[in-house]
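Participant: Quick one: the structure is below, questions incoming.
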Amino acid sequence: MTDHPVSVPSTPSSASVPGSVTTPAPVPDSGRLAGKTALVTGAAAGIGRGVAARFAAEGARVVFSDRDGAGAEAAAAESENSRGIALDISDEASVSGAFTDLAASGWTPDVVVANAGVQLFGHDAKVADLDLDVWRRTIDINLTGTFLTVKHAVRAMLAAGGGSIILTGSPTGLNGEGADFTAYSSSKAGIHGLARTVAAAYAGENIRVNTVVPAYTETPLVSAITSDPEARAAIIGRIPLGRAGSPADIEGIMVYLASDDGAFATGALFAVDGGMTTL
């Protein structure tokens, strides 16, 4: 279960092609996360995989987790000081067991990125046409799964003396951008509210909770859009910077929030959306 997918490689001339994905120039690794242990959900592909790999490059020990355990292990094998585990965020026993096992092996995370999720293209719809099973599946994974991840992350961090939790949100949870995707948009709005509530409740315990809001980011999650030139052009046309995002666009803000540089940031939304939420 991965949230937002693998980046689409850009060609050397991509910056001149309207709507093309422009991967940011690599930033030298600075060791900003040295000494930290991070758990990233939905890390077999997409944003989760990119963020987890960047955390490892910045010096953290990283747990790549995903419902696709083999995919998580394969992704982790490409980074140093990393391990991959199977984790189904919609199953509390799976989430609780993962945190228990990590603690027992000395890998209690002080950074948790709750990134895993689904978007059921072809099934999610405007509310009058939305099937209840699609609503329930989306909410169970995206919102309840994030709740369970945050719940057990907070428990671990209370015992450890604090930490940083980062949730992956969406512009669809802030405005009418996702009017055709009622379940997904509602799940992301719930995630934004969950983050604010937990941030307020546990700030005094040295637990920070923030939300990163990517716009349309080209990963496997949105293959239904990337394979439809007309739909892709319509979405990119609503992004002021004029291009799709890539996982590399999201990694930097995640590193900031995971690091001690972000020590005074909690309860906030950080939009990395090409200006989409300004409209």
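The values are calculated or read from the model by the stated rules, or taken from the named source; none is laboratory data. Being a predicted model, the structure only gives us computed values, none of them experimental. Positions of Cβ are generated from backbone atoms using ideal geometry, with glycine treated the same way; all protein chains shown enter the neighbour counts.
Participant: Among the helices (runs of 4 or more DSSP H) confined wholly to the stretch 166-279, which include 3 or more residues that are among the β-branched types (Val, Ile, Thr)?
Facilitator: Working: elements: 182-202, 223-226, 229-236, 247-258.
Helices (runs of 4 or more DSSP H) meeting the threshold: 182-202, 247-258.
Participant: When you scan the stretch 75-85, how many residues do you find that are outside any helix (DSSP H, G or I) and under 15 Å from Ala38 (Cα atoms)?
Facilitator: Total meeting the criteria: 7.
Participant: Still on this model: Which residues, counting only those in the stretch 101-113, are crowded, with 17+ Cβ neighbours inside 10 Å and either outside any loop (DSSP other than H, G, I, E, B) or at pLDDT below 95 (or both)?
Facilitator: Leu102, Val111, Val112, Val113
Participant: Hey, another quick one. Within the stretch 27-74, how many residues turn out to be in a loop (DSSP other than H, G, I, E, B) and in contact (Cβ under 8 Å) with a residue 12 or more places away in the chain?
Facilitator: So the count comes out to 19.
Participant: Please list, ordered by first then second residue, the pairs with beta carbon atoms under 7 Å, 6 or more apart or interchain, first in the stretch 99-126 and without any contact (Cβ under 8 Å) to a residue 24 or more places away in the chain and more than 22 Å from Val255 (Cα to Cα), second of a type in the set (A, V, I, L, M, F, W, C) and in a helix (DSSP H, G or I).
Facilitator: Filtered contacts from the stretch 99-126: His123/Val134.
Participant: Another question, then. Are any of the residues in the stretch 63-73 among the hydroxyl-bearing types (Ser, Thr, Tyr), loosely packed, with under 15 Cβ neighbours inside 10 Å and under 29 Å from Tyr256 (Cβ atoms)?
Facilitator: Looking through the stretch 63-73, none of the residues is among the hydroxyl-bearing types (Ser, Thr, Tyr), loosely packed, with under 15 Cβ neighbours inside 10 Å and under 29 Å from Tyr256 (Cβ atoms).
Participant: Quick check, is Thr182 surrounded by 23 or more Cβ atoms within 10 Å (Cβ to Cβ) and either of a type in the set (Val, Ile, Thr) or at pLDDT below 95 (or both)?
Facilitator: It is false that Thr182 is surrounded by 23 or more Cβ atoms within 10 Å (Cβ to Cβ) and either of a type in the set (Val, Ile, Thr) or at pLDDT below 95 (or both).
Participant: Which one of the conditions (1) small (Gly, Ala, Ser); (2) in a helix (DSSP H, G or I); (3) at pLDDT below 95 does Ser96 fail to meet, given that it meets all the rest?
Facilitator: Only one criterion in (1) small (Gly, Ala, Ser); (2) in a helix (DSSP H, G or I); (3) at pLDDT below 95 is unmet by Ser96, namely (3).
Conditions (1) buried (at least 24 other Cβ atoms within 10 Å of the Cβ); (2) farther than 25 Å from Thr108 by Cβ; (3) not aromatic (Phe, Trp, Tyr), marked per residue:
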{"position": "Thr146", "(1), (2), (3)": "yes, no, yes"}
{"position": "Val154", "(1), (2), (3)": "no, no, yes"}
{"position": "Ala159", "(1), (2), (3)": "no, no, yes"}
{"position": "Gly173", "(1), (2), (3)": "no, yes, yes"}
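Participant: State which residue is surrounded by the most Cβ atoms within 10 Å (Cβ to Cβ) when the search covers only the stretch 226-248 and only residues that are within 20 Å of Arg49 (Cα to Cα) and modelled with pLDDT under 90.
Facilitator: Here the answer is Gly245.
Participant: Keeping to the stretch 174-200, report how many residues are within 15 Å of Ala268 (Cβ to Cβ) and free of Cβ contacts under 8 Å to residues at least 40 places away in the same chain.
Facilitator: 2
Participant: Also, quick follow-up: Out of the residues in the stretch 114-168 meeting the condition of being at pLDDT below 95 and not aromatic (Phe, Trp, Tyr), tell me which one is farthest from Thr266 (Cα to Cα).
Facilitator: The first filter runs over the stretch 114-168 and keeps only residues at pLDDT below 95, leaving 119, 121-122.
Going one step further and asking which of them are not aromatic (Phe, Trp, Tyr), we end up with 119, 122.
Values: Gln119: 27, Gly122: 36 Å.
By that ranking, first place goes to Gly122.
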